[in-house]
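The values are calculated or read from the model by the stated rules, or taken from the named source; none is laboratory data. The structure displayed is predicted, hence computed values, not measured ones. With ideal geometry, Cβ positions are generated from the backbone for all residues, glycine too; neighbour counts draw on all protein chains shown.
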Amino acid sequence: MTPDSSNRPVALITGASAGLGLALAHGLADRGWTLVIDARGAGPLKDAADALADRTDVVPLAGDVTDSEHRADLVEAVNQLGRLDLLVNNASYLGPSPLQALASADLDELRHVYEVDVLAPIALTQALLPALTTATGVLINISSDAAVEAYETWGGYGSAKAALDHATRVLAAEHPTLSVYAVDPGDLRTAMHQAAFPGEDISDRPEPATVIPAFLQLLDSRPASGRYRAAEFAAAVSS
């Protein structure tokens, strides 16, 4: 650890080797947060950690959030650091590309969508609630407009995110001392978004870094627990 790192706030971000997770890791690193980051791919995760290490302490742990042993490793890393101020459940699985209509969707694929997008965030939250509660911390579950809008072929991912939204509301009711948020970042130029539109040009979508000021404003202002869109923090996003 670097000097005085024990006094720094600690965040755990899943799915942090690319896209929104990586952008958020950089935003927090710029503020001096200590980071625990995870992703399935060890190589990209190491690259992400190397890019962050010049600004803060970072613990990269490669693995699948649906794996209970990997989640236990993440919890152990948090325990070694001695605190957890922020948990961001960002890791998500869209489903097969191209997306499938619900009437013909592969049920094993749907099951995996729910394992990654609903059950894994709940399981990780359960394991880390003691640390979050001690810190009077923040829980952010990454949502999507597909959770509230009915888009053709988005039924698996959208319904999973809707389930996560509701779980977020229940967690907020059960743990009123925490700040518990479901956050829809909006359409972003990410690999997952590209997979939803194979062969299409998505260069008109904003880069993930453009919404990080909104997340930072959320952390600074800590409004009432609930569901928010990054666009609601328009002043932060445009600044």
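Of all the listed residues (PRO130, PRO121), the sole one being without any contact (Cβ under 8 Å) to a residue 24 or more places away in the chain and either within 22 Å of ARG222 (Cβ to Cβ) or crowded, with 19+ Cβ neighbours inside 10 Å (or both) is PRO130. All of LEU128, LEU84, LEU119 fail the test of being in contact with a strand residue (DSSP E or B) (Cβ under 8 Å, 6 or more places away or on another chain) and part of a helix (DSSP H, G or I), apart from LEU128. Does the range 14-31 contain at least one residue that is at pLDDT 95 or above, within 14 Å of THR56 (Cα to Cα) and assigned to a loop (DSSP other than H, G, I, E, B)? There is at least one residue in the range 14-31 that is at pLDDT 95 or above, within 14 Å of THR56 (Cα to Cα) and assigned to a loop (DSSP other than H, G, I, E, B).
Screening GLY95 against (1) assigned to a loop (DSSP other than H, G, I, E, B); (2) at pLDDT 95 or above; (3) over 18 Å from LEU28 (Cβ atoms) leaves a single unmet condition, (2). Considering only residues in the range 30-79 that are farther than 26 Å from LEU216 by Cβ and among the hydroxyl-bearing types (Ser, Thr, Tyr), the one that is surrounded by the most Cβ atoms within 10 Å (Cβ to Cβ) turns out to be THR66.
Residue count for the range 94-106 under the criterion of being under 18 Å from the mean Cα position of the chain (by Cα) and either free of Cβ contacts under 8 Å to residues at least 40 places away in the same chain or crowded, with 22+ Cβ neighbours inside 10 Å (or both): the result is 1.
Just the residues that are out of contact with any Asp or Glu (no Cβ under 9 Å at 6 or more places or on another chain) and in a loop (DSSP other than H, G, I, E, B), please, taken from the range 131-166. GLU149, ALA150, GLU152, THR153, TRP154 - these are the residues of the range 131-166 that are out of contact with any Asp or Glu (no Cβ under 9 Å at 6 or more places or on another chain) and in a loop (DSSP other than H, G, I, E, B). When you look at VAL36, is it outside any loop (DSSP other than H, G, I, E, B), farther than 15 Å from ASN90 by Cβ and touching a residue at least 24 places away in the same chain (Cβ under 8 Å), yes or no? Considered against the rule, which asks whether it is outside any loop (DSSP other than H, G, I, E, B), farther than 15 Å from ASN90 by Cβ and touching a residue at least 24 places away in the same chain (Cβ under 8 Å), VAL36 comes out as no.
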